[in-house]
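The values are calculated or read from the model by the stated rules, or taken from the named source; none is laboratory data. Treat the numbers as computed from the prediction; the structure is a model and nothing was measured. Neighbour counts are summed over all protein chains in view; Cβ atoms, including those assigned to glycine, are modelled from backbone coordinates with ideal geometry. Surface accessibility is based on the protein's heavy atoms, side chains included, excluding ligands, DNA and RNA. Shrake-Rupley method; radii C 1.70, N 1.55, O 1.52, S 1.80 Å.
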Amino acid sequence: MGTSTEAVPRIGVVLAGGRSSRMGRDKALLSWQGRPLLEHQLDTLHATGVDTVRVSGDRPAYGGIADPVAGVGPLGGLAGIAAACGDAELLIVPVDMPRLQPALLQRLLHAATAAGSTHFEGHVLPMRLRLDEHCRSALAALMDGSDERARSLRALQQRVGASSLPLNAAEEAQLIDCNTEQTWREACR
């Protein structure tokens, strides 16, 4: 039997299903350069050259995919994406990293690695994740586990195998995540 030479789709994913409790208001709707931060992240992902973009989170205006289990964080968001998509290479970004540039994300998208996930040194997100049977099994095991602390993206990366890419200082500055009003003000400078 021959093997398929078809490439799997490359899907950009914006994680936008959180409660924004530390920020005190919906991070996805913060105004960045005159429009909602969520829209900025969608455009950033489109500019990387992915085939399509999806939103993780109950956001009907953006075709968002609700988490199958509420309140379990980004892992729950990825479980929803995995249930809605076939096998793919996912390029995953949080909604709250407004300084991300397409060129940096393209490094993740095009990095040559056999690992199931790729991220930048010292950062869990953004990441590239191979969504396949192995990844789905790892997601299911983490979601079904009784230890809620183990429901993390880091635990998923460990289960599927991870490689990391180095960052220079300018690239590192793009990875500021805005979880609080203070970090949001810093990003807006």
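Quick notes on this structure:
- The Cα atoms of region 1-95 give a gyration tensor whose axes a ≥ b ≥ c have a/c of 1.5 or more with a/b no greater than b/c, which makes the shape oblate.
- Region 142-189 versus region 73-126: alpha-carbon centroid distance in Å: 10
- For I92, the solvent-accessible surface with a 1.4 Å probe is about 0 Å², rounded to the nearest 10.
- Global geometry of region 36-136, whether rounded, prolate or oblate, following the gyration tensor of its Cα atoms and the 1.5 cut on a/c: oblate
- Overall form of region 41-89 per C-alpha gyration tensor (a/c, 1.5; a/b vs b/c): prolate
- 1.4 Å probe accessible area per residue over region 66-185, in Å²: 44
- Sulfur and carbon atoms: percent of accessible area, region 1-111 [1.4 Å]: 51
- Sorted peptide list for 82-90, 126-134, criterion being average Cβ within 10 angstrom, highest first: 126-134, 82-90
- Under the Karplus curve 6.51 cos²θ - 1.76 cosθ + 1.60, θ = phi - 60°, whole-Hz ³J(HN,Hα) for region 82-91, x wherever Gly or Pro sits: 4, 6, 9, 10, x, 4, 6, 9, 9, 10
- Protection proxy ranking, highest mean first, for peptides 60-69, 152-161: 152-161, 60-69, where packing is the per-residue count of other beta-carbon atoms within 10 Å, averaged.
- Counting DSSP beta bridges with both ends in region 1-89, the antiparallel % (nearest 5): 20
- Value of relative contact order over the chain, rounded to a whole percent, pairs C-alpha under 8 Å and six or more apart: 23
- Between amide H atoms placed 1.01 Å from N, distances below 5 Å from D58 occur with D67, all of them 5 or more places distant or on a separate chain.
- Peptide packing for 98-109, 163-174, 23-34 was compared via the average number of neighbouring C-beta atoms within 10 Å per residue; ordered from the highest value, the list is 98-109, 23-34, 163-174.
- Taking 0.36 nm per residue of sequence separation and removing the Cα-Cα distance, the A66/N179 pair yields an extension gain of 38.6 nm.
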